[in-house]
Amino acid sequence: MITAALDENLLQRLRGIVGDDGVISHPHELLVYECDAYTIEKNLPNAVVLPRTTEETVKVVKLCAKHGLPIIPRGAGTSLSGAVLAVEGGVMITMSRMNRVLKIDARNRRALVEAGCVNAWVTKAAQPHGLLYAPDPSSQSACTIGGNVA
């Protein structure tokens, strides 16, 4: 079930933060985000926002909070729990564009990655340093670090 559409002014403000290609609000395009890998339950968000930076994410969260809009964070949507579903509309913030391995610190055995970075990419980046990112879910080639943490 979807709540009333977001005000066009608010959608424009979101686009002003993340760019025109960073906001999805057409009902047909939102269908991709109605569920995760647990496809029994389905709910649409009012909009999906795809930030590229932490700064954009912060601005989107602040704008949504100011307007009392529910925020739904989403990684790759590979979970089987329905945890990334919009319960009553709201704005889904997907991390898919924040997907880089920023740094591998072999000496301290740490990696700095963005929330939308795919597990397999972290594993591949760590290997030349003699390191292993141990979590190996069956969805490793698609699931993201942000989802692992959540």
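Points to keep in mind about this one:
- Selection count, region 1-39, where residues are modelled with pLDDT under 90, more than 26 Å from residue 113 (Cβ to Cβ) and of a type in the set (A, V, I, L, M): 5
- Qualifying residue in region 116-125 (condition: in a loop (DSSP other than H, G, I, E, B), over 30 Å from residue 17 (Cα atoms), under 17 Å from the mean Cα position of the chain (by Cα) and not basic (Lys, Arg)): no
- Here 35, 64 are screened, and the one residue that is in contact with a Gly (Cβ under 9 Å, 6 or more places away or on another chain), part of a helix (DSSP H, G or I), of a type outside the set (Phe, Trp, Tyr) and more than 30 Å from residue 127 (Cβ to Cβ) is 64.
- So residue 18, is it farther than 27 Å from residue 140 by Cα, in contact with a Lys or Arg (Cβ under 8 Å, 6 or more places away or on another chain) and surrounded by 19 or more Cβ atoms within 10 Å (Cβ to Cβ): yes
- Qualifying residue in region 113-135 (condition: under 30 Å from residue 6 (Cα atoms) and basic (Lys, Arg)): no
- For beta carbons closer than 7 Å, sequence separation of 6+ or different chains, a first residue in region 121-134 that is touching a residue at least 12 places away in the same chain (Cβ under 8 Å) and crowded, with 18+ Cβ neighbours inside 10 Å and a second that is of a type in the set (A, V, I, L, M) and assigned to a helix (DSSP H, G or I), the qualifying pairs are 122/145; 133/122; 133/126.
- Considering (1) more than 17 Å from residue 93 (Cβ to Cβ); (2) over 16 Å from the mean Cα position of the chain (by Cα), the lone condition that residue 11 does not fulfil carries the number (1).
- For region 73-93, filtered to residues that are assigned to a strand (DSSP E or B) and either of a type in the set (Lys, Arg) or buried (at least 20 other Cβ atoms within 10 Å of the Cβ) (or both), the residue that is modelled with the lowest pLDDT is 74.
- Filter result (outside any helix (DSSP H, G or I) and among the hydrophobic types (A, V, I, L, M, F, W, C)) within region 38-61: 40, 44, 47, 48, 49, 50
- Test: residue in region 99-110 that is under 16 Å from residue 148 (Cα atoms), touching a residue at least 12 places away in the same chain (Cβ under 8 Å) and part of a loop (DSSP other than H, G, I, E, B): yes
The values are calculated or read from the model by the stated rules, or taken from the named source; none is laboratory data. The structure displayed is predicted, hence computed values, not measured ones. Don't worry about glycine lacking a Cβ; one is built from the backbone with ideal geometry, like all the others, and counts go over all protein chains shown.
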